[in-house]
Amino acid sequence: MKKFSRQSIPIILSILFFTPFLSSCGFKDIDKRIFVQGIAIDYTDNEEKPYKVTLKLAIPTGSLKESLGGKYAYLSREDSSIAGAIRILKTHTDKELDFGHSRIILLGETLLNHNVEEVMDFLFRRRDIQMVAWVAVGDPTAEKVLKAEPKTEMAASNVLTNLFSQNGVESAYVVSTFLFDMRRKLLEPGIDPVLPVVQVNEDEKKLKANKSVVLKVKSKHTHLSSKFTKSYNVLANNNTHYDLRIQEENHHFLFAIDSVNIKYKIDTSSKETPTIKLKITLRGIVEESFEDMSPKELDKYSRIASKAAKKNITDFLKMTQEENIDPMGFGLRYRATRLHNRDTFAEWKEIYPNLQFDVNVKASVESTGTIE
């Protein structure tokens, strides 16, 4: 039998001394947990308790039939801090609140103008909130949107998760923003985060998400209409589920785009007229027509579609410039393509208001449809 050396005795004694101070793991059985599927945070206009936190809890059931009817439970609390509200809400249930499955974070419309940075700081720091959760704005309140239960929502399925994951609906009007992406864009100079706006009707049975809002740190936020939301989604995310309504030159038809290719370059060779040159290629078919269309005139339809698409994109870019927002990240591209031996972001803030947009759109109408 091998004997312990004198050098190993202090090590063994140290291990025996510190062993009683080691804590066990925080594991709890699944039947002792209740999963939080969504978080809603609203502003209350109460200085002492400015935050209202609402949690959407999934009720565990033994079968699919049992889950029909009461699928969720809700907990709400007003407090001076979000962490304090959650601490109190833990006393409202007999199970441990588990945020590991929280895929939806809703911010109230009024919260955007009141300490939204502090709210996001809590979400970024808390270790059990997933950074792949989707962030959206609830209108009129985040609580009402979270509590809405449309008839199309199935058991064990969250309608908001299907909306943003693109596993269900796929639309150019729907913007999907992850928590980690929002954090990056909030902290990175040269790009502004865009959040979808989810609206609920009066009876809280229907949801729609075809608008968005551009967050501007320590400045006024800018709401984007459905038209501009679609333009942003195509330019920033290369969304191919895009349709363009064309009503020019005595032609009226709907151009359904299947592929989008966008390239751009920031040209500052001329200090007087700095320019962003965009080259955009669109391909698709005619999905709907309000007149007879001949397959022999595809080139003509393509020219008309190119002109209409150029106008839509230019209007969107000029709007962002006038509002002094940069959801496309042009400033980030400028900083990344210049030497960092000077304050490139300060240079960009001087250049951006005077930028010219040179938009070149090449649309290709490949078919007038499958009419026989």
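The values are calculated or read from the model by the stated rules, or taken from the named source; none is laboratory data. A quick note: this is a predicted structure, and the numbers were derived from the prediction, not measured. Glycine also receives a Cβ, built like all others from the backbone with ideal geometry; neighbour counts cover every protein chain displayed. For the accessible areas, the whole protein counts, side chains as well, though only heavy atoms, and no ligand, DNA or RNA atoms are used. Shrake-Rupley method; radii C 1.70, N 1.55, O 1.52, S 1.80 Å.
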Peptide ranges 265-272, 187-194 listed from the most packed, as the mean C-beta count within 10 angstrom indicates: 187-194, 265-272
The chain: DSSP helices with Cα axial extent of at least 24 Å and average Kyte-Doolittle hydropathy no lower than 1.0: none
Nearest-0.05 FRET efficiency for Thr110 and Asn162, computed from C-beta distance (R0 41 Å): 0.95
Ordering of 345-355, 50-60 by packing [mean C-beta count within 10 Å, highest first]: 50-60, 345-355
Only Lys, Arg (+1) and Asp, Glu (-1) charged, at Cβ; the chain dipole about Cα centre in debye: 1680 debye
Portion, in percent, of the accessible area of the chain that falls on carbon or sulfur, probe 1.4 Å: 50 percent
Among 241-247, 90-96, the order from most to least packed when residues are scored by Cβ within 10 Å on average: 241-247, 90-96
Accessible area per residue, Å², the stretch 70-225 with all protein chains present, probe 1.4 Å: 48 Å²
Links that overshoot a 25 Å alpha carbon limit, given the list Lys265/Lys310; Lys218/Lys263; Lys277/Lys349; Lys230/Lys265; Lys271/Lys307; Lys151/Lys220: Lys218/Lys263; Lys271/Lys307; Lys151/Lys220
